[in-house]
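S.K.: Just dropping this structure here.
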Amino acid sequence: MDEDRRIAAADEVAADETFVFTATQGFETTEGILTRRDDGAVVAYTNYCPHWRDVRFDKGSGALVRNDELVCGKHGATFEKSDGHCTFGPCEGAVLDTFEVTVEDDAIYLTDDDWDSAEPGLSEERDLSSGSRIDF
């Protein structure tokens, strides 16, 4: 696999946690999060809530994961880790965008053709959201 597409070591992604990364295509960047499904497979979703795209799930210290769901810290919306479907909140029924990833030789690689490279961490240090607001 191409080292420019290496995101993390496979053991850095635990079942009840997320791992944030930045994908790049030319001058364009976007953030994603890695997590594990119940069967142990690694999946990657975009690092924002579809209700407000400036709200990150993972601000660099891990997203809130509860009962096998990702939780938006601003709205309280919940998304199934298995497939990214929103089961509660203002975007109920929406589905998180995904990235194609592959685990090979104990490492996780971005294999999505829409992106040239990936690296661990946030694309910017600033937080675009303004804190919790569960009232939608």
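The values are calculated or read from the model by the stated rules, or taken from the named source; none is laboratory data. What you see is a predicted model; the values in this text were computed from it and never measured. Areas reflect the complete protein model, heavy atoms only, side chains present, ligands, DNA and RNA absent. Shrake-Rupley method; radii C 1.70, N 1.55, O 1.52, S 1.80 Å.
S.K.: Given a 1.4 Å probe and every protein chain left where it sits, what share in percent of the accessible area of the chain is carbon and sulfur? Kindly include the intermediate steps, with their values, before the conclusion.
M.R.: Working: 3030 of 7130 Å².
Carbon and sulfur atoms account for 43 percent of the accessible area of the chain.
S.K.: Explain nothing, just compute: Karplus ³J(HN,Hα) = 6.51 cos²θ - 1.76 cosθ + 1.60, θ = phi - 60°, for every residue of the stretch 70-78 in order, whole Hz, x for Gly and Pro.
M.R.: So the J values, rounded to whole Hz, are 7, 10, 6, x, 8, 10, x, 5, 10.
S.K.: Over all directions, the average projected area of the alpha-carbon convex hull for the stretch 1-45 comes to how many nm²?
M.R.: Numbers: hull surface 14.0 nm².
The number I arrive at for the stretch 1-45 is 3.5 nm².
S.K.: Tell me, what is the percent relative contact order of the chain, built from C-alpha pairs under 8 Å that lie six or more residues apart?
M.R.: Numbers: 315 pairs, mean separation 42.8, N = 136.
After rounding, I find 31 percent.
S.K.: Apply the Karplus curve 6.51 cos²θ - 1.76 cosθ + 1.60, θ = phi - 60°, to the phi angles in the stretch 81-89 and return the couplings in whole Hz, x for Gly and Pro.
M.R.: My calculation for the stretch 81-89 gives 5, 5, 9, x, 6, 7, 9, 7, x Hz in order.
S.K.: Measuring from the lowest to the highest alpha carbon on each principal axis, how far does the chain reach, largest first, in angstroms?
M.R.: Its Cα atoms span 44, 35, 24 Å along the three principal axes.
S.K.: Compute the relative contact order of the stretch 1-62 as a whole-number percentage, counting only Cα pairs closer than 8 Å that sit 6 or more residues apart in sequence. Write out the running numbers ahead of the final one.
M.R.: On the way: 82 pairs, mean separation 15.9, N = 62.
Once normalised by length, the contact order is 26 percent.
S.K.: Pull up all non-local amide H partners of Thr111: gap of 5 or more, or a different chain, and H-to-H distance under 5 Å with H placed in the peptide plane.
M.R.: Residues meeting the amide H criterion: Glu100, Val101, Thr102.
S.K.: Would you mind checking which residues have amide H under 5 Å from Ala77's amide H? H placed 1.01 Å from N; only 5 or more apart, or other chain.
M.R.: Under 5 Å from the amide H of Ala77 lie the amide H atoms of Cys72, each far enough along the sequence or on another chain.
S.K.: Keeping every protein chain present and rolling a 1.4 Å probe, give me the accessible area per residue for the stretch 29-99 in Å². Each step should come with its number before you reach the end.
M.R.: Details: 2960 Å² over 71 residues.
For the stretch 29-99, the solvent-accessible area averages 42 Å² per residue.
S.K.: Could you tell me whether the stretch 24-101 comes out rounded, prolate or oblate from its Cα gyration tensor? Rule is a ≥ b ≥ c as square roots of the eigenvalues, rounded for a/c under 1.5, then prolate if a/b exceeds b/c, otherwise oblate.
M.R.: Working: a/c = 1.59, a/b = 1.15, b/c = 1.38.
Oblate, because a/c is 1.5 or more while a/b does not exceed b/c.
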